[in-house]
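Take a look at the structure below.
The values are calculated or read from the model by the stated rules, or taken from the named source; none is laboratory data. Computed from a prediction, not measured in an experiment: that's the story for all the values here. Glycine also receives a Cβ, built like all others from the backbone with ideal geometry; neighbour counts cover every protein chain displayed. Each accessible area value is taken on the protein alone, full model and side chains, heavy atoms only, with ligands, DNA and RNA left out. Shrake-Rupley method; radii C 1.70, N 1.55, O 1.52, S 1.80 Å.
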Amino acid sequence: MTDILTTIDSIVWGPAMIALLLGTHVYLTFRTGFIQRKLPAAIRRSVRRDPDGKGDISSFGALATALAATIGTGSIVGVATALLAGGPGAIFWMWIAGLFGIATKYVETYAAVKYRVRDRRGQMMGGAMFVWKRAFARPDGTVPWWATLGAVAFAAFAIIATIGTGSAVQAAAISGIVTSSIPAIPAVAVGLVVVVAVAAVIFGGVNSIARVCEWLVPVMAGAYALGCLVIMAMNAPVLGQAVGLILECAFTAKAAFGGAVGSGMIMALQFGCARGLFSNESGLGTAPIVAAAAKTRNPADQALISMTGAFWSTGVICLLTGLVLVSTMIAHPEIGQGILADPSIATGAALASAAFAEIPVFGTPILVLGMCSFAYSTILGWSYYGNRCVAYLFGPKGIKPYQIVYVAVAFFGAIGVGDVVWTISDIGNALMAIPNIIVVLLLSGMIARETRHFVYEGHLDEEYAEPVPVVDKAQL
């Protein structure tokens, strides 16, 4: 069974999926008039509050929740494994994938906000499942079978992915880093702490999750970025060399670090783009689920704010990590060949640990606390994604059982979860991306036209004309 799942995983996350996601990013970049150039204005809008917007949480709260789910252990260990497998050039292609992914994040968020609904309790619900159902509904209200299939497929695969990627895998990461750093603490104790910490937040709903993420994300990302800057300052004499090596290896077949790591342009492109796509989640359809709950006047406003998430996760955090790792490997060639020769998750974590150990006394604690807080915030963010997908498929009555399962899985993940759970959730990630990519491509023309009005013609503060409909379970 494990071999079968691994084979399926390698197929769904193979070159075809990477080409689909990267191709979508590039196409939507041109379709939206290179929306990335609006990034400075989008960042400014992300920190303002709009009391007149319609929604459940602030725009920044929605962004922080999405970032909490996006900036995870992949921003540290994922970058390290890309470097080991694809060479220093992978860092460049990871950044390029993040840059183009900003456009996809904008378009998928625009669609989610435009087609969001309210349930009978007044709470916002949105995401690719509602985009499929509302965008293609006939005048009499009926929905074509293929649109219903797209909606159900996205929601079902997303639930699978949230339980695995969002709960079990992240809890395992927390347990692994704590027990390896402090052997006296048993995994069971870590699991119980994770369960209490997660349950205390997610049972309070989106407002509770957003409140925690609004203060946790800036603190954890800021502390981690500061640690990276300290290491880069310590490696200042070789920092220019590190940048040059990244650029050179992105386009040539060059061995690095004494020949221990080397790959051609194709390998650098493959691993860099793959990790870049994973790190910012552009195209997966996850972040738009929480963006649909934001207080905003029109879809373009929140879409601009949400697209900054791809910039912060890949354009900043992953880039800083990459520069730290490459400069450290140049400055300290004595790093064990065992780390360099085996591009796995374990050796990626070892490389990150070796880099942060450069900072006397505080380096290792910064990395441990950073990875734990990143993983914890990912658990919170992904719980909301699954929450909304469960509500779509089963109605409000399904939310509480889902939350109980989600918390329980976090405990079992902390005390030891097999690779099977990771593989299944990885497959779920890929399969939920397919219906999301299809629907955003189908609607890209309409979104491009409305973007011209709201963004390029200066109507970002205009109230959106279409009301948010209220639906019950029978209408989903």
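Some observations on this one:
- Longest stretch of the chain clear of exposed loop sites (trypsin sites (Lys or Arg not before Pro), DSSP loop, at most 16 other Cβ atoms within 10 Å, sites excluded): 122-476.
- The mean sequence distance of close C-alpha pairs (under 8 Å, at least 6 residues apart), as a share of the length of the chain, puts its relative contact order at 36 percent.
- Protein-only accessible surface at a 1.4 angstrom probe places the residues 13, 312, 215 in the order 215, 312, 13, largest first.
- Theoretical ellipticity at 222 nm over the chain - DSSP helices of four or more residues, -39500 (n - 2.57) apiece, nearest 500: -23000 deg cm²/dmol
- Accessible area (Å², per residue) of the chain, counting only protein heavy atoms and a probe of 1.4 Å: 38
- Inverse of mean 1/r across different Cα pairs in the chain, Kirkwood, Å: 22.3
- Nearest 10 degrees, 0 to 90: helix 145-161 Cα axis against the chain principal axis: 40
- Each Cα pair under 8 Å and six or more residues apart adds its separation to the average, and for region 106-179 the resulting relative contact order is 20 percent.
- Accessible surface of residue 453 - all protein chains present, 1.4 Å probe, nearest 10 Å²: 60
- Set of region 380-405 residues, backbone N closer than 15 Å to the point 7 Å along the Cα-Cβ line of residue 203: 399-405
- DSSP-defined antiparallel bridges as percent of all bridges, the chain, nearest 5: 75
- Region 156-209: mean projected area of Cα convex hull, nm²: 4.2
- Accessible surface of the chain [probe 1.4 Å, protein heavy atoms]: carbon and sulfur percent: 70
- Using a probe of 1.4 Å on the protein chains alone, the accessible area found for residue 71 is around 0 Å².
- When nucleic acids and ligands are ignored and a 1.4 Å probe is applied, residue 60 ends up with an accessible area of around 60 Å².
- Total formal charge among the other residues, if their Cβ is under 13 angstrom from that of residue 303, Lys/Arg +1 and Asp/Glu -1: +3
- Applying the criteria of a DSSP loop state and at most 11 other Cβ atoms within 10 Å to the GluC sites (Glu not before Pro) of region 402-463 yields 457, 463.
- The amide H of residue 58, built 1.01 Å from its N in the peptide plane, has 295 as neighbours under 5 Å, considering only residues 5 or more places off or on other chains.
- Volume of the Cα convex hull of region 198-257, divided per residue and given in Å³: 154
- Probe 1.4 Å, all protein chains present, accessible-area order of 372, 213, largest first: 372, 213
- For region 352-476, the Kirkwood hydrodynamic radius comes to 19.3 Å, computed from all pairs of different C-alpha atoms.
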